[in-house]
Every structure is written in structure tokens, then in C-alpha cells.
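So the structure is just underneath, and the comments pick up after that.
The values are calculated or read from the model by the stated rules, or taken from the named source; none is laboratory data. Here the structure is a predicted model, which means the values were calculated and not measured. Don't worry about glycine lacking a Cβ; one is built from the backbone with ideal geometry, like all the others, and counts go over all protein chains shown. The area values use the complete protein model at the heavy-atom level, side chains included, leaving out ligands, DNA and RNA. Shrake-Rupley method; radii C 1.70, N 1.55, O 1.52, S 1.80 Å.
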Amino acid sequence: MAFEPSAMTRPQRVSGREPQLTAEARAERVRGTALVRCVVTREGRVTNCRLLNGLPYMEQELLEALSTWRVTPVTARGKPLDVDYTFVVRIPTG
């Protein structure tokens, strides 16, 4: 199911690690925003991630980091749902 912002709550990250700059990305001074579409499960897991708009030398790191995330479930009318959601990840994260 696609995320519908007017009818659903947004997931909020509760745990998991931030993406870290890879050595190559650090050397190339990579900065910017990545868009990563994932399935947010009704249990709050982040699965089946795929890059919509990645950053050079950061693709694998972005996917690995997001796979560690746990988020608040997306809900509609108080019921948790499995939803396709696009995360906006800024690099560097700090």
C-alpha cells in the first residue's frame, strides 16, 4: 500500500544506526540527499529498501543502515499498516 500523508501517520525512527560516510564518499566529499523507498511493516520494521535517488559511493551503506531501523508503525484510523514509504536521508547526517 502506498503512503497517503493526509490519511496516515508518518513513521518516526526509534532505533537503528545512521548511515556513515564510506571512505570513498569521504574522499570525494559527498554531500546531499538520498531518497530510499522501503516497506514499513505494521510491526515497525524497515524492509525491502531500494534507492530512488542515491549518492555516489553510498548506495550499499544507505541500504544497510536503513535495514537496522525500527520505526513507529504507519497507522490509518488507528490501525497499523504495511506501507511503501520514501525516507529522505541527508548526508552527512549531522
Query raised in the report: What is the residue count in segment 65-76 for residues that are touching a Lys or Arg at 6+ places or on another chain (Cβ under 6 Å) and open to solvent by less than 40 Å² (accessible area, probe 1.4 Å)?
Result: 3
Query raised in the report: In segment 17-59, which residues are in a loop (DSSP other than H, G, I, E, B), exposed (fewer than 14 other Cβ atoms within 10 Å of the Cβ) and not charged (D, E, K, R)?
Result: Pro56
Query raised in the report: Assuming Leu62 fulfils every condition listed in (1) in a helix (DSSP H, G or I); (2) open to solvent by 20 Å² or more (accessible area, probe 1.4 Å) apart from one, which condition is it?
Result: (2)
Query - Scope segment 3-16; condition open to solvent by 70 Å² or more (accessible area, probe 1.4 Å), of a type outside the set (Val, Ile, Thr) and in contact (Cβ under 8 Å) with a residue 24 or more places away in the chain; matching residues - result: Glu4, Arg10, Gln12, Arg13
Query raised in the report: Among the residues of segment 25-54, how many are farther than 19 Å from Arg13 by Cβ and out of contact with any Lys or Arg (no Cβ under 8 Å at 6 or more places or on another chain)?
Result: 9
Report task. For residues that are more than 14 Å from Pro11 (Cβ to Cβ) and among the hydroxyl-bearing types (Ser, Thr, Tyr), scanning just segment 56-94, find the one that is nearest to the chain's Cα centre (by Cα). Result -> Ser67
